[in-house]
Amino acid sequence: MSNPAVLEAVLERITYANEENGYTVARVDTGRGGDLLTVVGSLLGAQPGESLRMEGRWGSHPQYGKQFMCENYTTVLPATIQGIRRYLGSGLIKGIGPVFADRITGHFGLDTLDIIEKEPGRLVEVPGLGPKRTKRIAAAWEEQKAIKEVMLFLQGVGVSTSIAVRIYKKYGDASISVVRNEPYRLAADVWGIGFLTADRIAQAVGIPHDSPERVKAGLQYALSQSTDQGHCYLPEERLIADAVKLLAVDTGLVIECLAELAGEEEGVVREKVPDPEGGDPVTAVYLVPFHRAEVSLSGQLLRLLRTGEDRMPAFRDVAWDRALTWLAGRTGAELAPEQEQAVRLALSEKVAVLTGGPGCGKSFTVRSIVELARAKKAKVVLAAPTGRAAKRLAELTGAEASTVHRLLELKPGGDAAYDRDRPLDADLVVVDEASMLDLLLANKLVKAVAPGAHLLLVGDVDQLPSVGAGEVLRDLLAEGGPVPRVRLTRIFRQAQQSGVVTNAHRINSGQQPLTQGLADFFHFVEEETEDAGRVTVDVAARRIPAKFGLDPRRDVQVLAPMHRGPAGAGALNGLLQQAVTPARPDLPEKRVGGRVFRVGDKVTQIRNNYEKGENGVFNGTVGVVTSLDMDEQRLTVRTDEDEEVPYDFDELDELAHAYAVTIHRSQGSEYPAVVIPVTTGAWMMLQRNLLYTAVTRAKKLVVLVGSRKAIGQAVRTVSAGRRCTALAHRLGAAG
């Protein structure tokens, strides 16, 4: 290794960046003429066009020759006209793109940056720059300077640049004081900072390892981690053990801090509940919002069930024979006995659940319920958790349907416009894909149902439970519970012709899927995970479009059991993007860390953002990139609810590519064709309800790619771990 060295150069382009650890490979221009030079190391946050002063060492690579290994860098203001032009045109400052950068530097030359800094009013001398844009440029420059100061401080305590930007956006000028004095607030307030990052920062600013603040933050983090795994609470002993492991402090201190937290307003709630595994009662520890929601949801459901009011009294003494004969005339088909039971239940009971697998006529049953209710002039409101599911419900019933979020008009912070004090004006509320309702959303929804109105939840309880905490549908169907239910089990004749439906039911009952001689269900056997990944891409991007005439972007969805690994959603997204939306000279693109966004890309939102769009854009919303504006630093996505949503370039960490998604993220969506890599690399994830959920997402075609052994593992493994929830107990106990 050579001695420490300093290199000053302009960053031309980033060829590779790993977002997890910041490792970057970049090409820089030293300004001495000749070829670009390769720099490797952490350059997170540096933008093309910036002049960098890099400290590090010279080395060489067997394939790429001489390169500079950068250990840390600072940005310096560029000194040449070309550098200034690149710097201004790089999109660092909103409102200046390459065109204006040319004009401004053409006019002011080497004095450009001084003028923006000291006399920004003079920018109006530049042709085409009005006072409005001039003001914006001056403001953006000031903000850049303020950010740079905060950045330097944050880099000093070991925060990566992309996270530093987020901290700055959240706290502005107060950033430094928050980071110094209350670093654990970051984990709660700033998306993308977990406890571990906050803990590292706290250590850097000198907060002691055993400070009560740290232990309480750690306990709350352990609980919020468990809600991400689907639990509404954790048994106290398990929480204490998790926290001891996470924090590396003694058990006594954790127990003391837990007791303090239980006494705090926004802390935790402790309560005895029955053991989900059937042993002695356990002490459950909840985060406050989840306890509140569970108590409220069970209370509201019981209130709806028991009210004397009825907004659809016509169905109390209806002549069912005549009603059903009229209905068959309307729909052109008779109801099967279990379907008829479901129709009567939904129209005469205040709360009812309809469940069943594919091909059993859930959709037809729902349509029949809606037809009858409307015939009696009832106000019917239809909703589903995702945009795609709502669209499908609307097509099916010929009535308007919306997402639950839009129906309730959820506002920033998650408050709804409709609730107990201002209920929905509806006599019958039907919610499809109810297996996706998590505890918090179910609670908001049920609160908004007026006393006397009927609520029908429709869903497939054998699918994966919701992404968020709870397993509401399963808890409502628990034995001995008060909620009336019908389970459809009979597969209709036309559905029996479908390999997709047949195999979904086979998987659900623990049998291997049939993959020979079916026109709509195939298995490509690949033993190695890498090969399975490669074949998956080939099948989705080329073979299916060629053989079935389906559009690889719109009609084909790759569903992977997990995100990581060579056949995981992450790696497959990169390969599928190359195959479906490759780089072209005339196609605008924007690189963010390790990802490149192009017009035409299929993308998905990866966090709930209540500030975006008309009623927020939620985790799992899918869309296509329709435009990229380099001057305005903005990308636009048309979502599957047909809404155009703008993203500033610094918000692009909320988007991920969606050519491949994890099976968990595909809940509630249907696609014409589904390709599923099932490999032993995903061994821990392979479970029956996972494979069943993936297969039931397909309308026409399923292709499995992978080993028989992995498919066998998935079919055999029934997920043993129930989620920790006490909803069934709260509903049953009250009865």
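Given Cα pairs under 8 Å that are at least 6 residues apart, what percent is the relative contact order of region 478-608? Before the final figure, lay out each step's value.
Working: 87 pairs, mean separation 16.6, N = 131.
Worked out over region 478-608, it gives 13 percent.
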Anything over 19 Å Cα to Cα? Flag those among K216/K411; K547/K602; K169/K216; K148/K612; K377/K444; K350/K447, in the order listed. K216/K411; K547/K602; K169/K216; K148/K612; K377/K444
Tilt of helix 362-375 relative to the longest C-alpha principal axis of the chain, in degrees (0 to 90, nearest 10)? 70
Given the Cα-Cα distance of E8 and L514 and 0.36 nm per residue of separation, how much length would full extension add, in nm? 175.9 nm
Rounded to the nearest 10 degrees, what's the angle between the helix 251-262 long axis and the longest principal axis of the chain, both from Cα atoms, 0 to 90? 70
q = 0.06, 0.08 Å⁻¹: log10 I(q)/I(0) that the Debye formula gives for the chain, counting C-alpha atoms only: -0.43, -0.76
May I ask for the Kirkwood hydrodynamic radius of region 630-694, worked out over all distinct Cα pairs and given in angstroms to one decimal? 14.7
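Let's test the formula: R0 of 25 Å, r as the Cβ-Cβ distance of E142 and R634. What FRET efficiency results, to the nearest 0.05?
My answer for the efficiency is 0.75.
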Tally Lys and Arg at +1 and Asp and Glu at -1 over the other residues with C-beta under 10 Å from the C-beta of L77: what net charge comes out? -3
The alpha-carbon center of region 164-217 and that of region 45-108 are separated, in whole Å, by 31
Given all pairs of different Cα atoms, what value in angstroms does the Kirkwood hydrodynamic radius of region 375-444 take? 12.6
Please compute P(r) over all alpha-carbon pairs of region 663-702, binned at 10 Å starting from zero, and give each bin as a whole-number percent. 29, 57, 14
Just reorder T24, T197 by solvent-accessible area, largest first, 1.4 Å probe, all chains present. T197, T24
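Could you work out how much longer the chain between R200 and K272 gets when fully extended? Use 0.36 nm per residue separation minus the Cα distance between them, nm to one decimal.
Numbers: separation 72, 0.36 × 72 = 25.92 nm, distance 3.50 nm.
In short, 22.4 nm is gained.
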List the relative contact order of region 144-290 as a percent without decimals, with contacts defined as Cα pairs under 8 Å and 6+ residues apart. 16
Dipole axis of the chain (+1 Lys, Arg; -1 Asp, Glu on Cβ), positive-most option in A728, L576, Q229: L576
On the first, second and third principal axes, largest extent first, how far apart are the outermost C-alpha atoms of region 266-345 in Å? 58, 30, 19
Under 1.5 on a/c is rounded, so check that first for region 559-681, then, if it is not, pick prolate when a/b is larger than b/c and oblate when it is not; a ≥ b ≥ c are the square roots of the alpha carbon gyration tensor eigenvalues. oblate
Provide E12, E264 ordered by accessible surface of protein heavy atoms (probe 1.4 Å), highest first. E264, E12
What residues of region 206-240 lie in the reach of a label at R180, counting those whose backbone N is under 19 Å from a point 7 Å from the Cα along Cα→Cβ? 206-208
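Compute, for the chain, the length of the dipole vector about the Cα centre, with Cβ point charges of +1 (Lys, Arg) and -1 (Asp, Glu) only. Units Debye, rounded to 20. Could the numbers behind the result be given before it?
Details: 88 positive and 92 negative charges, 375 e Å.
With only Lys, Arg, Asp and Glu charged at Cβ, the dipole is about 1800 debye.
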May I ask for the net charge around S498, where only other residues with Cβ less than 10 Å from the Cβ of S498 are counted and Lys, Arg are +1 while Asp, Glu are -1? +1
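Could you please state how large a percent of the accessible area of the chain is carbon and sulfur, counting protein chains only and using a 1.4 Å probe? If you can, show how the numbers build up before the last one.
On the way: 16150 of 32730 Å².
Roughly 49 percent, rounded to a whole number.
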Ordered by number, the trypsin sites (Lys or Arg not before Pro) in region 353-404 that occupy a DSSP loop and have at most 10 other Cβ atoms within 10 Å are K377
Leaving out ligands, DNA and RNA but keeping every protein chain, what accessible area does Y64 have, in Å² rounded to the nearest 10, with a 1.4 Å probe? 150
Can you compute the FRET efficiency between F492 and D310 using 1/(1 + (r/R0)^6), with r the Cβ-Cβ distance and R0 = 41 Å? Round to the nearest 0.05. 0.80
Where labels lie 7 Å past Cα in the beta-carbon direction, separation of A188 and Y610 in nm: 1.6
Positive end of the charge dipole of the chain (Lys, Arg +1 and Asp, Glu -1 on Cβ, about the Cα centre): tell me which of A17, F290, S498 has its Cα farthest that way. S498
Residues of region 65-87 with backbone nitrogen within less than 11 Å of a virtual label 7 Å along the Cα-to-Cβ line of R122, please, listed as ranges. none
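Quick one: net charge of R688's neighbours, Cβ under 9 Å, K/R +1, D/E -1? Working shown, then result.
Numbers: positive: R716; negative: D462.
Neighbourhood net charge equals 0.
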Unit Cα scatterers, Debye sum, region 181-323: log10 I(q)/I(0) for q = 0.10 Å⁻¹: -0.46
Leaving out ligands and nucleic acids, note down the accessible area per residue over the chain with a 1.4 angstrom probe, in whole Å². 45
Cα-Cα separations in region 162-226 greater than 15 Å, expressed as whole percent: 46
Expressed as an acute angle from 0 to 90° and rounded to the nearest 10, what is the orientation of the C-alpha long axis of helix 212-228 relative to the principal long axis of the chain? 50
In this structure, the FRET efficiency calculated for D35 and H107 from their beta-carbon separation, with R0 = 30 Å, to the nearest 0.05, is 0.40
Give me the distance between the Cα centres of region 366-424 and region 440-479, rounded to whole Å. 14
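Hey, what did the chain get for relative contact order, percent, Cα under 8 Å, at least 6 apart? It would help to have the intermediate numbers written out before the result.
Working: 1403 pairs, mean separation 77.6, N = 735.
Once divided by the residue count of the chain, the mean separation gives 11 percent.
Please report the antiparallel percentage of the DSSP beta bridges confined to the chain, to the nearest 5. All intermediate terms of the calculation are to be shown ahead of the outcome.
Numbers: 60 of 102 bridges.
Antiparallel bridges: around 60 percent, rounded to the nearest 5.
The values are calculated or read from the model by the stated rules, or taken from the named source; none is laboratory data. Small disclaimer: the values here were computed from a predicted structure and weren't measured. Every residue, glycine as well, gets a Cβ built from its backbone with ideal geometry; the counts of neighbours run over all protein chains shown. Keep in mind that these areas ignore ligands, DNA and RNA; they rest on the heavy atoms of the full protein, side chains included. Shrake-Rupley method; radii C 1.70, N 1.55, O 1.52, S 1.80 Å.
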